[in-house]
Amino acid sequence: MLIGYARVSKGDDQSDALQLRALGEAGCERVFTEAASGGRWDRPELLRLLDHLRPGDEVVVWKLDRLSRSMKDVIHLMERIGKAGAGFRSLTEAIETTSPAGRMLLHMVGAFAEFERAMIQQRTNAGLAAARAEGRIGGRRKSLDAAKRREIAESVLSGRKTGAEMARLYDISQPTVSRIVAAHRAALLADQP
């Protein structure tokens, strides 16, 4: 039986329609669909698919990266598919694991994908280091200036206001108030001889 697996990243506005159409045209009798990151292992539909496999089945995906974004994970998944007596096929890359040549091609494509991911991460880290060297710091800007942060901390520490009251007054969360108070308290302790 041909069993399809379609995945889109969670939180994206992606549609799995293209994948589902391709899997249907390939003759998949059953398709497991999921909205989850390819780097995660807690994907219930993928686990259900693996449990559903029987000897002679073939897992079909539209692209290899729909299965996983890590070569290590792809190899682990291929081992699980193989232990179930099933095969694997990727439609876009024309990879299948029923022959030695197909298994070799799978390893090569996966290695290139992993290399590309590592290069992207390396370029990202270099860009962040260059930005830091120029004095730019990433992340969200603080919504409160130093005077407001000091007022919040002093009001809570003196007991004039509660953390909840200050959170409502400045339209921030209570955990943010707690962090402001803790940072102020730490700064006061550091200033003491």
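The values are calculated or read from the model by the stated rules, or taken from the named source; none is laboratory data. As the structure is a computational prediction, the values presented were derived from the model and not from experiment. For neighbour counting, all protein chains shown are included, and Cβ atoms are generated from backbone atoms with ideal geometry for every residue, glycine included. We work out accessible area using only protein heavy atoms, side chains counted, and drop any ligands, DNA or RNA first. Shrake-Rupley method; radii C 1.70, N 1.55, O 1.52, S 1.80 Å.
Looking only at the stretch 165-176, residues that are over 34 Å from the mean Cα position of the chain (by Cα) and buried (at least 17 other Cβ atoms within 10 Å of the Cβ) come to 1 in all.
Among the residues of the stretch 62-94, the ones that are under 19 Å from the mean Cα position of the chain (by Cα), open to solvent by less than 30 Å² (accessible area, probe 1.4 Å) and within 19 Å of Glu34 (Cα to Cα) come to 7 in all.
Pull up the stretch 124-150, narrow it to residues that are under 24 Å from the mean Cα position of the chain (by Cα) and among the aliphatic types (A, V, I, L, M), then point me to the one that is nearest to Arg179 (Cα to Cα). Taking the candidates together, the pick is Ile137.
Out of Gly39, Gly27, Gly56, report the one residue that is modelled with pLDDT under 90 and part of a loop (DSSP other than H, G, I, E, B).
None of the other options fit; the residue is Gly39.
Is it the case, given these coordinates, that Thr162 is free of Cβ contacts under 8 Å to residues at least 24 places away in the same chain, open to solvent by 60 Å² or more (accessible area, probe 1.4 Å) and closer than 30 Å to Arg69 by Cα? No; evaluated as a whole, the condition is false for this residue.
Taking the stated definitions as given, is Arg179 under 29 Å from the mean Cα position of the chain (by Cα) and modelled with pLDDT under 90? So Arg179 does not fit the description; no. Count of the stretch 95-143 residues, restricted to those that are surrounded by 10 or more Cβ atoms within 10 Å (Cβ to Cβ) and part of a loop (DSSP other than H, G, I, E, B), is 5.
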